[in-house]
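These notes concern the structure reproduced below.
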Amino acid sequence: MIPLRYFLLLFALGGTFMPGQAQKLVLHAYMEKRTAPAASDTIYYDFNKPLVWKDFKGKPESNNFAGAMTASGFAFDSHMTDDGHTLVVDIGIYTFFTKHDSWKKPDIHSAYHLLHEQHHFDITRIGAEDFLNALRKAKFTSSNYKSLLTRIFNSCYDQNVALQQQYDRETNHSLNIPAQTEWNQKISAAISQIRKEEVKHPVW
């Protein structure tokens, strides 16, 4: 199970842009490569560093039937510059896991269950990729970028929540082994494809 966090960071606006002023807008959307110290509460998604049980530092919810909980989300930083003629908007997207909100019960320690939780984090990364692709396809203008950006983020967020819920529902929170095996293959294939795409569009 996974509670997604919602983060929408406001623009840092430079230049002399005034609301309603018609200007050309150029949007650069990319996946950020973030790292955090080992002591940090945050883990940023890294294809080469899967989660381990010691990352789950939260207090288990005794009244929750789940054996473990993964708390992750995707968010973005945005910055705008304006030279008086063109607005340039840079949007850096990242996927994160929070240790203090993620937990496991004492009797949960198998690699099988850890993989189930890892795939929740993977699904979050898939949601971030969907957000990136949606931004690259959108038609932004100087008059619609704020509302359109928010609408796209909300849509991708809702779709990702639905996918997380579908994953838990169909696998019965990992108890349905055939369904879990099928989802393992599906998610691994999606992540492999994202890795290939990053070769074409490197992270910043």
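Before moving on, here are some points about what is shown:
- Sorted ascending by nearby beta carbons within 10 Å, beginning with the fewest, 85, 120, 100 become 85, 100, 120.
- Out-of-range pairs (alpha-carbon distance over 32 Å; input 105/137; 54/200; 59/146; 146/200; 24/186): 105/137; 54/200; 59/146; 24/186
- Whole-Hz Karplus values for the stretch 41-58 come out as 6, 9, 10, 8, 4, 9, 3, 9, 10, x, 5, 10, 4, 5, 6, 8, 9, x Hz, taken residue by residue from phi with 6.51 cos²θ - 1.76 cosθ + 1.60 and θ = phi - 60°; glycine and proline positions read x.
- Order of 44, 167 under a 10 Å beta carbon neighbour criterion, fewest first: 44, 167
- GNM result for the chain, Cα springs below 10 Å: residue of 165, 185, 118 fluctuating most strongly: 185
- Remark: 161, 199, 52 ranked as 199, 52, 161, counting other beta-carbon atoms within 10 Å and listing the fewest first.
- Relative contact order for the chain, counting Cα pairs under 8 Å that sit 6 or more residues apart, in percent: 28 percent
- Taken about its Cα centre, the stretch 12-200 carries a charge dipole of about 180 debye when Lys and Arg each add +1 at the Cβ and Asp and Glu each add -1 at the Cβ.
- Taking the helices alone, the chain has a mean residue ellipticity at 222 nm of -13500 deg cm²/dmol, built from -39,500 (n - 2.57) per DSSP H run of at least 4 residues and averaged over all its residues.
Laboratory data are not the source of any read-out in this text; all were calculated from the coordinates shown. Keep in mind it's a predicted model, so treat the numbers as computed, not measured. Don't worry about glycine lacking a Cβ; one is built from the backbone with ideal geometry, like all the others, and counts go over all protein chains shown.
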